[in-house]
Amino acid sequence: MSGELIPSTEAQDLMELGWRPFFRDQLSPEEHSHFQPVRVMAIYRGKVALSGAGFEQLVVPKVPNSDPEEYQLAVGDWLLIDPASSQISRILDRASLFKRRPPGSGRALQLIAANVDTVFIVASCNHDFNLARLERYLILAREVGVQPVVVLTKVDLTDTPNQFVEAARSLQPGLEVAIVDGRDPHSAGSLASWCGVGETVALLGSSGVGKSTLINTLRGSQDIATQDVREADSKGRHTTTVREMHRLAQGGWLLDTPGMRELQLTDAAAGLADVFEDILALAQQCKFSDCAHRNEPGCAVRQALIEGTLQPDRLERWGKLTAEDDANSASLEQHRSRTRRKR
Ligand SMILES: Nc1nc2c(ncn2[C@@H]2O[C@H](COP(=O)(O)OP(=O)(O)OP(=O)(O)O)[C@@H](O)[C@H]2O)c(=O)[nH]1
Ligand SMILES: [Mg+2]
Ligand SMILES: [Zn+2]
């Protein structure tokens, strides 16, 4: 067993950082003896914070520069480094990767978080609550294959918390939904079960929903800067600007991220199919295989609308998101084949 090459306190340190057989099994015997596994804890402008067994350093990453996208680092990545020079040998295959491509086909890919076990999709119970936006994050989590938990914050600001919980639950059967006052340790404590030793939880959501506040409360500190939202529309001020992992006393890691301005779907067909499984199952029962679910005879989707088993707004969102994903994926594919031809 290759893991036995590592002395036990080191093994313990690594396990607490989230090291798993999935990563260990990728190392060749040579790599085991020459390199040290370290995790990317934070990415700042030009520098990355790395942690391993008895190792903590802020380094300027040196990676082979063949394809910049291929060697882009994400917070949460596991790397092999030469312990003497801190030179990065390679990025280990990721168990999961959150990424996004900002609208416009040629824009650089942004890596949000890697090797995440659970994602808290954070939204607040105020004017800024938007079910369609929540659904986009859910599709992204399903696409990446990471367990999603919807965390509704600012329960103290609403008289009708159940309406928010019900709306979120309606997105997918069995979806975990928690509702908290992110400033209150007792309330936020309900999230502790997802944050055990070695677990990595990424927090995603718009600016101002209270991601950093939650992390401060769960850690029992005020280390991370937070900022009031705008009074007029409850929108945030983009306070957090770095992606960074924060350790909880109980052992888990919370990965804070900057609030996203816009989340467009690209290459998310699997996530869409997962979240809208019911509609796809209905569509298979339509008389025509290319049914557009408008006025065709024998349309099972329209029939479900008439019977009230499918909500019209849900069908509308599915249509819109599918069209968006198709358009973005097609323009990305065009962009890829153009760059291939240039090489
Ligand atoms: N009333 C109330 N206010 C909260 C709650 N959670 C967060 N806030 C407040 O909401 C504001 C924004 O919180 P942040 O934690 O900075 O939000 P964020 O999601 O980290 O925002 P960005 O870093 O800009 O993406 C702060 O003034 C918090 O005190 C809550 O549960 N209830
Ligand atoms: Mg923040
Ligand atoms: Zn149909």
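For the range 186-210, residues that are farther than 25 Å from Ala167 by Cα and either near ligand 1 (Cβ under 8 Å from one of its atoms) or out of contact with any strand residue (DSSP E or B) (no Cβ under 6 Å at 6 or more places or on another chain) (or both) total 4. Under the condition of being closer than 17 Å to Asp267 by Cβ and assigned to a loop (DSSP other than H, G, I, E, B), the residues counted in the range 75-103 number 5. Counted as qualifying within the range 124-218 are the helices (runs of 4 or more DSSP H) with 3 or more residues that are within 18 Å of Gly259 (Cβ to Cβ) and either within 16 Å of ligand 2 (Cβ to nearest atom) or not acidic (Asp, Glu) (or both), namely 131-144. Looking at the structure I just gave you, is Leu263 more than 16 Å from ligand 3 (Cβ to nearest atom), closer than 30 Å to Asp13 by Cβ and not polar (S, T, N, Q)? Taking the combined requirement at face value, the residue does not satisfy it. Picking from residues in the range 228-243 that are within 25 Å of Ser190 (Cβ to Cβ) and more than 21 Å from the chain's Cα centre (by Cα), the one that is farthest from ligand 1 (Cβ to nearest atom) is Ser234. Any residue at all in the range 222-239 that's more than 16 Å from ligand 3 (Cβ to nearest atom) and under 18 Å from Val119 (Cβ atoms)? No, because not a single residue in the range 222-239 is more than 16 Å from ligand 3 (Cβ to nearest atom) and under 18 Å from Val119 (Cβ atoms). With the checklist (1) under 15 Å from Ala123 (Cβ atoms); (2) acidic (Asp, Glu); (3) within 9 Å of ligand 2 (Cβ to nearest atom) in hand, flag the one item Asp256 doesn't pass. So the condition that Asp256 fails would be (1). Among helices (runs of 4 or more DSSP H) entirely within the range 226-342, having at least 1 residues that are hydrophobic (A, V, I, L, M, F, W, C), at pLDDT below 90 and farther than 21 Å from Pro148 by Cα singles out 312-342. What is the number of the single condition among (1) more than 16 Å from ligand 2 (Cβ to nearest atom); (2) charged (D, E, K, R); (3) in contact (Cβ under 8 Å) with a residue 24 or more places away in the chain that Glu244 does not meet? Of (1) more than 16 Å from ligand 2 (Cβ to nearest atom); (2) charged (D, E, K, R); (3) in contact (Cβ under 8 Å) with a residue 24 or more places away in the chain, only one is false for Glu244: (1). Going through (1) touching a helix residue (DSSP H, G or I) at 6+ places or on another chain (Cβ under 8 Å); (2) surrounded by fewer than 19 Cβ atoms within 10 Å (Cβ to Cβ); (3) of a type outside the set (S, T, N, Q); (4) farther than 30 Å from Glu56 by Cβ one by one, Val275 falls short only on (2). Taken as a whole, the structure leaves Thr213 outside the set of residues that are without any contact (Cβ under 8 Å) to a residue 40 or more places away in the chain, β-branched (Val, Ile, Thr), surrounded by 13 or more Cβ atoms within 10 Å (Cβ to Cβ) and within 16 Å of ligand 1 (Cβ to nearest atom). Taking Val48, is it surrounded by 13 or more Cβ atoms within 10 Å (Cβ to Cβ), of a type in the set (A, V, I, L, M), part of a loop (DSSP other than H, G, I, E, B) and modelled with pLDDT under 95? No; evaluated as a whole, the condition is false for this residue. Scanning the range 108-133 for residues that are at pLDDT below 95 and closer than 21 Å to Leu272 by Cβ gives Leu109, Gln110, Ile112, Asn130, Leu131, Ala132, Arg133.
For the residues Val242, Val209, Val201, Val229, the requirement of being of a type in the set (A, V, I, L, M, F, W, C) and in contact with a helix residue (DSSP H, G or I) (Cβ under 8 Å, 6 or more places away or on another chain) singles out Val201.
The values are calculated or read from the model by the stated rules, or taken from the named source; none is laboratory data. As the structure is a computational prediction, the values presented were derived from the model and not from experiment. Neighbour counts run over all protein chains shown; Cβ positions are idealised from the backbone, glycine included.
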